[in-house]
Each structure stands twice: as structure tokens, then as C-alpha cells.
Amino acid sequence: MLKDKVALITGAGQGIGQGIALALAKRGVRIAAAGRTVSKCEHTCQLIAERFGTDAIALACDVAQAPDLERTVAATVERFGGIHILVNNAVSTSPGPLLAQQHEQVMNAFLVGPIATLRLMQLCHPYLSRQGGSIINLASTAAKRWDMSNYGVYAAEKEAIRALTRAAASEWGPANIRANCILPHASSPALKKWMERHPEEAAAFVEGIPLKRIGDCETDIGEFVAMLCGPESSYISGQSIAVDGGQAYMG
């Protein structure tokens, strides 16, 4: 049962992070919704209160800043007494061809991506290990694209997250900590903007999904994450799972 568990979710103010927060709150999970724009996280908490009556707290957090991560974990534990689920969802990237990449943009992409993911996993480890816990990291199928042009940095940071997830599952399994990656296609604000800017490529993208649609942040992605955190998935760890309507071949 997930009722009364505590989930810390980054990037919870919109999109996939919000969808995951809602799906977990539906099951009685208490939510720490963290993000750079605290008003968006407060809106997520308001939705949770209105729909499910579950306890939730909004926390301002720039995952690129180590002190913010420490404060966020401390505030979550102070409010709820522990952490059972960690969802590393916040993302930044540097799209474009390799020759156009600027050092500062690339460094920020990795700082917000795999480095912040590792830092939060380390900070949450003492709490996740108390009674067993679940880590859900967000990766991407970008590295599985037939043509990776303009996606090199994004794919690289996401592949690094996959490697960290596998290592956490291997090293922390004896403490009953499970770690998994999801690689979703979802109607997030970022994807919607990309589809508006690149309508022809977007049409081809959707056509390449066997189910012929983009996933919903809550009902498709959030519900799957809730299942992955639940007791019915207690033997699943170290996996990278494409939640993408059947598009990617992960072999």
C-alpha cells in the first residue's frame, strides 16, 4: 500500500512531474512538490487538496544549486518525517548540433540532469533505506533515435541518468531500495512547444508511435509510476522502461 508514504518530486509544478504527483496523491501518498517556480508547485498542491484531500507541500528548489537540494530534503523530512519515494523529474538541456554547443549550456544540462539526480539520490538514501524505498528517474529514448542529429547533449545526459539508476539499484538493493528509469513520451509543456515549432517533424514523430498518440502526463505516465512504486512492482529494479506507446526498441 502507498497510503501515507512520502514522495519528493522535482519539477512538480507542471507536466510529467505534476502528473506523477497527482497519480501518487490519488493513492494517499503525501507529496513534496519541488520546483524553481514555487507558485506552480503551489498550484499542484492545490489540485491535490481539491481532488484527493492528501497532504502536500510546495518547495522552491533549483536543482542546479546544491544548497537548494539539501534544504528541500530537510524541509520534506521536517514536514513528513521521512521520504519513501524520490522522483527526479526536473530537466534542462542544450538542443542543437554538436558544433554549436556552448560549454556553459552543456555544463548546466548535466548539472540539472545527472549531477542533480545523483545528489538527490545521495541525500535521500538515509531515509529511503529505513523501510525500503523507490527511486524513479526520468530518462529519454533520444539515444535510441534512428537519427540523433541535434539531440546529442540531451541523449548523453539522459544516458548518464540511466547508468546512475542502474548503479543505485545494484548498490542499494540490499537496503531494499529500488531504482528504475522511465523514458516517457508525454504532452508536457516542453513537448507541446517543440511540436508547435516543428509541425512536420512532430507529425512524423506521432506517426512513428504504434499507438498513434502522445501520452497524458497523469493518466498514462503518472499512473504507471504509481504502479512502479507500489507493492505489485516490488521485484522490479534497475530497469529502463519506455513509456512511449511502443515507439522505442530498448534491446
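Tabulated data
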read-out	value
Count - residues of the range 50-75 that are more than 17 Å from the chain's Cα centre (by Cα) and not small (Gly, Ala, Ser)	11
Pairs, first of a type in the set (Gly, Ala, Ser) in the range 79-90, second in a strand (DSSP E or B), C-beta under 8 Å, six or more apart	Gly81/Val6; Gly82/Val6; Ala90/Thr10; Ala90/Ala34; Ala90/Gly35
Verdict on Glu157 being open to solvent by less than 30 Å² (accessible area, probe 1.4 Å), of a type in the set (Asp, Glu) and within 21 Å of Val91 (Cα to Cα)	yes
Extreme residue, surrounded by the fewest Cβ atoms within 10 Å (Cβ to Cβ), among residues of the range 142-154 that are among the aliphatic types (A, V, I, L, M) and free of Cβ contacts under 8 Å to residues at least 40 places away in the same chain	Met148
Cβ pairs under 6 Å, 6+ apart, first in the range 34-53 and within 17 Å of Thr76 (Cβ to Cβ), second part of a helix (DSSP H, G or I) and modelled with pLDDT of 95 or more	Ala34/Thr72; Gly35/Cys41; Thr44/Gln18; Thr44/Ala21; Ile48/Ala25
Flag if Ile209 is aliphatic (A, V, I, L, M), surrounded by 17 or more Cβ atoms within 10 Å (Cβ to Cβ) and out of contact with any Pro (no Cβ under 6 Å at 6 or more places or on another chain)	no
Helices (runs of 4 or more DSSP H) contained in the range 98-180 and holding at least 2 residues modelled with pLDDT of 95 or more, more than 14 Å from the chain's Cα centre (by Cα) and within 19 Å of Ile85 (Cβ to Cβ)	116-131, 152-172
Some residue of the range 183-205 being farther than 21 Å from Gly19 by Cα, in contact (Cβ under 8 Å) with a residue 12 or more places away in the chain and out of contact with any Phe, Trp or Tyr (no Cβ under 7 Å at 6 or more places or on another chain)	no
Residue identified as over 25 Å from Tyr151 (Cα atoms), in contact with a strand residue (DSSP E or B) (Cβ under 7 Å, 6 or more places away or on another chain) and among the hydrophobic types (A, V, I, L, M, F, W, C) among Ala58, Ala74	Ala58
Per-region count, the range 100-126, residues of a type in the set (Gly, Ala, Ser), touching a residue at least 12 places away in the same chain (Cβ under 8 Å) and either open to solvent by 40 Å² or more (accessible area, probe 1.4 Å) or within 16 Å of Cys181 (Cβ to Cβ) (or both)	2
Within the range 240-251, considering residues that are assigned to a loop (DSSP other than H, G, I, E, B) and either closer than 21 Å to Ile177 by Cβ or not acidic (Asp, Glu) (or both), the one most open to solvent (accessible area, probe 1.4 Å)	Tyr249
Members of the range 76-97 that are within 16 Å of the chain's Cα centre (by Cα) and among the polar types (S, T, N, Q)	Asn88, Asn89, Ser92, Thr93
Which listed residue, of Ser170, Ser187, Ser237, is open to solvent by 30 Å² or more (accessible area, probe 1.4 Å) and out of contact with any helix residue (DSSP H, G or I) (no Cβ under 9 Å at 6 or more places or on another chain)	Ser170
Criterion: open to solvent by 30 Å² or more (accessible area, probe 1.4 Å), at pLDDT 90 or above and closer than 17 Å to Gly11 by Cβ - qualifying residue of Glu223, Glu218	Glu218
Residue check for Ser94: polar (S, T, N, Q), modelled with pLDDT under 95 and either out of contact with any Ser or Thr (no Cβ under 9 Å at 6 or more places or on another chain) or open to solvent by less than 60 Å² (accessible area, probe 1.4 Å) (or both)	yes
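The values are calculated or read from the model by the stated rules, or taken from the named source; none is laboratory data. Predicted model, so just to flag it, every value in this text is computed and none were measured. Virtual Cβ from ideal backbone geometry, glycine too; neighbours counted across all protein chains shown. These accessible areas exclude ligands, DNA and RNA; they are computed on the full protein's heavy atoms, side chains included. Shrake-Rupley method; radii C 1.70, N 1.55, O 1.52, S 1.80 Å.
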